[in-house]
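To start, the structure itself, in structure tokens.
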Amino acid sequence: MKLTFTPEEIAFRDEIRAFIEQNYPQNLKGVGDREDLTKEDYLSWHRILGAKGWSTPAWPVEYGGPGWHATQKYIFGEELARAETVPVLPFGVNMVAPVIYTFGTPEQKARFLPAIQKGEEWWCQGYSEPGAGSDLAGLSTKAVRDGDFYIVNGQKTWTTLAQHADWGFFLVRTNSDCKPQEGISFLLIDMKSPGVEVRPIITMDGAHEVNEVWLTDVKVPVANRVFEENKGWTCAKFLLAHERTGIAQVARSKMGLKKLKKLATETISEGLPLAKDRDFKHKLSELEIDLRALEITELRVLANEQKGKGPGAESSILKINGSVIQQRITELFLEAVGPYGAPNPRAYKAEGGNFAIGPQGAPMAALNYFNVRKTSIFGGSNEIQRNIIAKLVLGL
Amino acid sequence: MDFDFTDEQKMMRDGLSRLIAQKYTFEDRHKAVASKTGWRPDLWAEFAEMGLMMAPLPEEMGGLSGDAIDAMIIMEEFGKGLVIEPYLQSVICAGSLIRNAGNDTQKAELGEKITSGEAIFAPAIYEAEGRFNPAFVATSAKKNGSDYLLNGNKAVVFGGPMSDSFIVSARASGATSDETGISLFVVNKDQTGLTTQNYTTVDGLQASELFLEDVAVSGASVLGEVGGAFAHIEQMRDHAIAAICAEAVGLMTVANAQTIEYAKTRKQFGVPISSFQVLQHAMVNMLIALEEAKSMALLAAIECAGDDAKARAKACAAAKVKIGQSARIIGQNAIQIHGGMGMTNELAISHYFKRLTMIDAQFGNVDYHMRRYGEMD
Ligand SMILES: Cc1cc2nc3c(=O)[nH]c(=O)nc-3n(C[C@H](O)[C@H](O)[C@H](O)COP(=O)(O)OP(=O)(O)OC[C@H]3O[C@@H](n4cnc5c(N)ncnc54)[C@H](O)[C@@H]3O)c2cc1C
């Protein structure tokens, strides 16, 4: 057993690092503190990675994955976080793609996977509904078969970045006379189809990140159904397990912690750096230890996966601890900037104020803290994750 | 022992609560925050008409000789209604400084402006590098004939944009963090050399950065003894803490009520989510946090109304710690239990959460007051 990298792995890391340095778009540097990323901002980096064959680290080689083993994937994630790159959004690469290459038809694979890999098409996730959040199987958006088409009616909500989406993967009800899980199908819907309407939801941090998606008599070819009719729940569950590992965000949290420590050395409190404040230091250490524990746990899960044991209920542990650590980092950021958490950069920017108030890192501190309350709610809330562990791991 | 309010106090609470229910709905507040001025001058005038500005201030300032208990009642209602007007700054903080440091003329003249609601005053005490320490005053006051020249910056001055005057702490002598050598000056907003940078805060309030460059103020604008203002500032802080704790109690009361109501009506898996024991326990913890906060806010107000400075300081430090802890428990659980709905700007609950969060950094956070408390005996 060991945790050190081999010389080959170090060479691999250097190769990744050099590639990022040479190819990462100049205009997207330091983007971690920006909140106004455009579709093009997200996709431009995705495309660069795609052209290199690195946008889909987890995919099997036959569909365009780079064929990396677990350690390489881990190193790759670390390097992206280290350089604070724009994230490659998970909806295409890590969510719908594994469903398509696992359950899809050859035509579906050929039609959708390359465009996802290259960053040509943007995907959104149409699962949640106003009445079906934690109880996802209670969804009521209806798809009625009409020849070679389904006619879809209903409403989805909380759909992340659907305002940019070219395609969406949707869970729809195709049978109501059975157990709820047994009447669901998995559809790929062109967001430009007539009858699809995307309405913004503004979150408490003032961001437009989520949407309502209204579907009125939307015609979807039966060929865009993945897996069998009424077997969509199988795809949904498979996808949720994939979603939950990515959701731990260990590499990004390590980067966040590093920035937090830097901020603490730069923030002067009564003439001394905050990093010298015993109480604050204690909290930083506690956070770092918990993050380390999460990281090693994730590596153990990845090592298991490498041996062919797919992500199971352990991914719920990663989701719970990963989400809470993200929240604690933003909470300490806010604490670190103290009184300067108050100014609202969105408001003063909107009024044409071209100034930053307070120390570096201060302007987004509160808004980030507000925003990240979402991590214990989405992807299956932390209460739901605990229910899953209680049932599947503890057998209670 | 007596935890009862007087009939006058109950009437004031009812009157204010009615006014807020009628004219300060969540939608009204939303509009006010987004408006050009960012507040409701019309409501400010109504508050004054109701006598709210007079309530906690002494007769010689034109007040009704009430005390911190009156302030508590008012601030708690303001909390419930998410009120954004600068009552805390003008009436509680500036009112406290003028009452304790001002001479008879200042008390009468400035007091009349505050109690009538005609003018707004904001304390400009804290500086960026001092963080939560009000003795950290790098802003200098140099004697220049019979005038003083003020130079320095003041950080996150709440109520700044709508204030007519600031009460600025500046140092005539001593090292930057000395408690002696600090004086208070009344500085009008249009005074030459004073510039401000105004902004809205993340919880919908208005605040300013103040930059003072050779601001010349006359000897008559000194509030209290030159170099001897710190005790007044400490007293102001205690009164501010008692008041903001009461505001927090108001916020928490509504946040809890809304969360319980939501949990009872929101159904998942065919049942109200309030039937899940894990959420029930979370809501019980919220209730316990609220009751503790109420007790400590009350203690702070009672000690502020008394005349034992040591007991007052200790109670207020303790209250600020407890309120910070309770606000965190209640705020975070309220959002979590609301699920995705809690994340939206549309629902009031997220605004209660934001204000509850931001109160921690006003007048010193949990760690700061925990440390202070430990150093008192
Ligand atoms: C920012 C954000 C982005 C999102 N992005 C997407 C997206 O792109 N696509 C998509 O489909 N969805 C998305 N979601 C939706 C997300 O998955 C849901 O919010 C989540 O499933 C919770 O559902 P809900 O909001 O309806 O809350 P509810 O299910 O109503 O839950 C409310 C509270 O009750 C608790 N609860 C519910 N059931 C139980 C139980 N059995 N036991 C104990 N406690 C329980 C929950 O934990 C929560 O605390 C997003 C949500 C957010 C906030």
Open item on the list: Helix-only mean residue ellipticity at 222 nm, chain B, DSSP H runs n ≥ 4 weighted -39,500 (n - 2.57), per residue, nearest 500. What is it?
Closed with: -16500 deg cm²/dmol
TODO: Using +1 at the Cβ of each Lys and Arg and -1 at the Cβ of each Asp and Glu in the stretch B:231-374, identify which of B:Ala248, B:Ile260, B:Ala297 lies farthest towards the dipole's positive end.
DONE: B:Ile260
Open item on the list: Where in chain B is the longest stretch that carries no chymotrypsin sites (Phe, Trp or Tyr not before Pro) classed as loop by DSSP and with at most 15 other Cβ atoms within 10 Å?
Closed with: B:6-268
TODO: Counting other Cβ atoms within 10 Å, keep those with at most 14, restrict to DSSP loop, and tell me which trypsin sites (Lys or Arg not before Pro) in the stretch B:5-65 are left.
DONE: B:Lys36
Open item on the list: What number do you get for the stretch A:287-328 when its Cα radius of gyration is normalised by 2.2 N^0.38 Å, N = residues?
Closed with: 1.18
Task: Fully extended contour minus Cα-Cα distance, from B:Ser275 to B:Glu225, at 0.36 nm per residue - done: 11.9 nm
Task: By accessible area with a 1.4 Å probe, ligands and nucleic acids excluded, highest first: order of A:His69, A:His46 - done: A:His69, A:His46
- [ ] Could you pull the accessible area for A:Thr6 with a 1.4 Å probe, rounded to 10 Å²?
- [x] 40 Å²
- [ ] Find the all-direction average of the projected area of the Cα convex hull for the stretch A:123-231, expressing the result in square nanometres with one decimal place.
- [x] 6.5 nm²
TODO: Return the long-range amide H neighbours of A:Asp135 (sequence gap of 5 or more, or a different chain), with a cut-off of under 5 Å between placed amide H atoms.
DONE: B:Phe269
- [ ] Return the FRET efficiency for the residue pair B:Asp164, B:Ser17: r is the Cβ-Cβ distance, R0 is 41 Å, and the value is rounded to the nearest 0.05.
- [x] 0.90
- [ ] For B:Gly224, enumerate residues with amide H under 5 Å from its amide H, sequence gap 5+ or separate chain, H modeled in the peptide plane.
- [x] B:Asn103
Task: In order through the stretch B:137-150: 3J(HN,Hα) via Karplus (6.51 cos²θ - 1.76 cosθ + 1.60), integer Hz, x for Gly, Pro - done: 10, 8, 4, 9, 10, 9, 6, 9, x, 8, 9, 10, 10, 9
TODO: Could you check which residue among B:Pro58, B:Pro86, B:Pro41 shows the biggest mean-square fluctuation in a GNM of chain B with a 10 Å Cα cutoff?
DONE: B:Pro41
Open item on the list: Could you work out what % of the accessible surface of the protein assembly as shown is carbon and sulfur, using a 1.4 angstrom probe and leaving DNA, RNA and ligands out of the count?
Closed with: 53 percent
- [ ] Determine the relative contact order of the stretch B:84-137: mean sequence separation of Cα pairs under 8 Å and six or more apart, normalised by residue count, in whole percent.
- [x] 33 percent
- [ ] Enter the buried accessible area of the A/B pair, total of both sides, probe 1.4 Å, in Å² rounded to the nearest 100.
- [x] 3800 Å²
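Taking square-rooted eigenvalues a ≥ b ≥ c of the alpha carbon gyration tensor, is the stretch A:255-354 rounded, prolate or oblate, where a/c under 1.5 means rounded and, failing that, a/b exceeding b/c means prolate?
Verdict is oblate for the stretch A:255-354.
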- [ ] Arrange the peptides A:280-293, A:263-276 so that the one whose residues have, on average, the most other Cβ atoms within 10 Å appears first.
- [x] A:263-276, A:280-293
Task: Sum of side-chain charges, A:Val222 neighbourhood, beta-carbon under 10 Å (Lys, Arg +1; Asp, Glu -1) - done: -1
Open item on the list: At 222 nm, what value in deg cm²/dmol follows for chain A if DSSP H runs of at least 4 each add -39500 (n - 2.57) and the sum is divided by all its residues, to the nearest 500?
Closed with: -14000 deg cm²/dmol
TODO: Report, in whole Å, the centroid distance computed from the Cα atoms of the stretch B:246-283 and the stretch B:334-349.
DONE: 11 Å
- [ ] Any chance you could look up the accessible area of A:Glu78 with a 1.4 Å probe, heavy atoms only, rounded to 10 Å²?
- [x] 50 Å²
Open item on the list: If I fit a long axis through the Cα atoms of helix B:277-305 and take the longest principal axis of the Cα atoms of chain B, what angle between them do I get, 0 to 90°, rounded to 10?
Closed with: 30 degrees
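Counting other Cβ atoms within 10 Å, keep those with at most 16, restrict to DSSP loop, and tell me which trypsin sites (Lys or Arg not before Pro) in the stretch A:175-272 are left.
Those that pass, being in a loop and sparsely packed, are A:Lys192.
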Task: Accessible surface, 1.4 Å probe, highest first, among residues B:Asp178, B:Asp2 - done: B:Asp2, B:Asp178
- [ ] Note down, for the stretch B:172-223, the three equivalent ellipsoid semi-axes (square root of 5 times each alpha carbon gyration tensor eigenvalue), biggest first, whole angstrom.
- [x] 25, 17, 10
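Out of all Cα-Cα pairs in the stretch B:7-119, roughly what percent, to the nearest whole number, are more than 20 Å apart?
38 percent
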Open item on the list: How compact is chain A by the rule of thumb for globular proteins, expressed as Cα Rg over 2.2 N^0.38 Å?
Closed with: 1.02
Open item on the list: For chain B, set up a GNM with springs between Cα atoms under 10 Å and report which of B:Val137, B:Val278, B:Val83 has the largest fluctuation.
Closed with: B:Val278
Open item on the list: At a threshold of 8 angstrom on Cα-Cα distance, excluding pairs fewer than six apart, so keeping six or more, what relative contact order does chain A reach in percent?
Closed with: 12 percent
Task: Helix axis angle, B:68-80 relative to chain B longest principal axis, alpha carbon, degrees - done: 50 degrees
Open item on the list: Taking each residue in A:266-274, count the Cβ atoms of any other chain within 10 Å of its Cβ, then average. What number comes out?
Closed with: 4
- [ ] Starting from the Cα gyration tensor of the protein assembly as shown, take the square roots of the eigenvalues, sort them a ≥ b ≥ c, and report rounded, prolate or oblate (rounded when a/c is under 1.5, otherwise prolate if a/b is larger than b/c, else oblate).
- [x] prolate
Task: Residue-averaged beta-carbon neighbours from other chains (10 angstrom radius) around B:126-134 - done: 5
Open item on the list: Can you give me the angle between helix A:232-246 and the longest principal axis of chain A, using Cα atoms only, in degrees from 0 to 90, rounded to the nearest 10?
Closed with: 10 degrees
Open item on the list: For a quick check: with amide H placed at 1.01 Å from N, whose amide H comes under 5 Å from A:Ser140's, ignoring anything fewer than 5 positions away on the same chain?
Closed with: none
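Which net charge results for the neighbourhood of B:Thr115, defined as the other residues with beta-carbon distances under 14 angstrom from its beta-carbon, given Lys and Arg at +1 and Asp and Glu at -1?
Cβ neighbours under 14 Å give a net charge of -4.
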- [ ] Using only protein heavy atoms and a 1.4 Å probe, report how much of B:Met283 is accessible, in Å² to the nearest 10.
- [x] 30 Å²
Task: Inter-chain Cβ neighbour average for residues A:331-341, partner chain, 10 Å - done: 5
Open item on the list: Between A:Glu107 and A:Asp279, how high is the FRET efficiency from 1/(1 + (r/R0)^6) when r is the Cβ-Cβ distance and R₀ = 56 Å? Nearest 0.05.
Closed with: 0.40
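May I ask you to work out the translational diffusion coefficient for the stretch B:122-229 at 10 °C, viscosity 1.306 mPa s, via Stokes-Einstein with Rh from the Kirkwood sum over Cα pairs, reported in whole µm²/s?
The estimated diffusion coefficient comes to 116 µm²/s.
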Open item on the list: If every alpha-carbon in chain B counts as one equal scatterer, what log10 I(q)/I(0) does Debye give at q = 0.10, 0.13 1/Å?
Closed with: -0.62, -1.03
Open item on the list: Give me P(r) over the stretch B:231-374, computed from all C-alpha to C-alpha distances, binned every 5 Å, as integer percentages.
Closed with: 2, 11, 20, 20, 15, 11, 9, 6, 4, 2, 1, 0
TODO: Select from A:Thr265, A:Gly232, A:Val222 the residue farthest towards the positive end of the dipole of the stretch A:187-266; place +1 on Cβ of Lys and Arg, -1 on Cβ of Asp and Glu, and compute about the Cα centre.
DONE: A:Thr265
TODO: For the stretch B:82-88, just list the computed ³J(HN,Hα) in residue order, Karplus coefficients 6.51, -1.76 and 1.60, θ = phi - 60°, integers in Hz, with x standing in for Gly and Pro.
DONE: 6, 5, 10, 6, x, 5, 4
Task: Whole-Å distance, taken between Cα centres, linking the stretch A:115-129 and the stretch A:19-96 - done: 15 Å
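Is the shape of the stretch B:68-132 best called rounded, prolate or oblate, per the rule: a/c under 1.5 gives rounded, else a/b larger than b/c gives prolate, else oblate, with a ≥ b ≥ c the square roots of the Cα gyration tensor eigenvalues?
Note, shape of the stretch B:68-132 comes out oblate.
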Open item on the list: Once you keep just the Cα pairs under 8 angstrom separated by 6 or more residues, what percentage relative contact order results for chain B?
Closed with: 15 percent
Open item on the list: If each residue of separation counts as 0.36 nm, what is the full-extension length gain between B:Asp307 and B:Glu109 once their alpha-carbon separation is subtracted?
Closed with: 68.7 nm
Task: Using θ = phi - 60° and Karplus 6.51 cos²θ - 1.76 cosθ + 1.60, couplings along the stretch A:281-293 (whole Hz; Gly, Pro as x) - done: 4, 4, 5, 4, 5, 4, 5, 5, 5, 5, 5, 4, 4
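The values are calculated or read from the model by the stated rules, or taken from the named source; none is laboratory data. Note that this is a predicted model, so its numbers are computed, not measured. FYI the Cβ positions are ideal-geometry reconstructions off the backbone, even for glycines, and counts take in every protein chain you see. SASA here: full protein model, heavy atoms, side chains in, ligands and nucleic acids out. Shrake-Rupley method; radii C 1.70, N 1.55, O 1.52, S 1.80 Å.
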